[in-house]
Amino acid sequence: MKVITLKELETNFDAVLEDVSVNKEHYRILNETGDVMLIPVESYEVLKEVYIDWVEEPNNDPPVDGFDPEKLPVEQFAASDQAFLVQEGMEVVSE
């Protein structure tokens, strides 16, 4: 995993995006309002499957207050020939 600032991402966006898509690199982006991750979709799919398996396991601990284990924090929607990842509560916007 590589760690960069938001400014570094803005400056080197094309190179970072290529590193993620071609080299399957994971990036932690440091941001004043909270850090975020930029990962290849294949990694996201693995994490999603592990999450679903964990939620469906009968003996897992009670959830943290305010955490709904019945839904993923990010859902995928298909619109025409494009797929959008939308965080709950966000408006779907296409170009």
Discussion item. If I filter the stretch 1-10 down to residues being among the β-branched types (Val, Ile, Thr) and surrounded by 12 or more Cβ atoms within 10 Å (Cβ to Cβ), which single residue comes out as farthest from Val41 (Cα to Cα)?
Written reply: Thr5
Practice prompt. Scan the stretch 13-25 for residues that are of a type in the set (Asp, Glu) and under 12 Å from Val3 (Cα atoms) and jot them down.
Written response: Glu25
Practice prompt. Give, as residue ranges, the helices (runs of 4 or more DSSP H) completely inside the stretch 5-94 that count at least 1 residues that are modelled with pLDDT of 95 or more.
Written response: 6-11, 13-23
Worksheet, complete the sentence: Pairing a residue in the stretch 26-52 that is over 21 Å from Lys7 (Cα atoms) with any residue that is of a type in the set (Lys, Arg), where Cβ atoms lie under 9 Å and the two sit 6 or more apart in sequence or on different chains, gives Glu42/Lys24; Ser43/Lys24
Response to the item:
Counted residues in the stretch 22-60 being of a type in the set (Gly, Ala, Ser) and loosely packed, with under 12 Cβ neighbours inside 10 Å come to 1
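The values are calculated or read from the model by the stated rules, or taken from the named source; none is laboratory data. Keep in mind it's a predicted model, so treat the numbers as computed, not measured. Because the Cβ atoms are built from the backbone with ideal geometry, glycine has one as well, and the counts that use them run over all protein chains shown.
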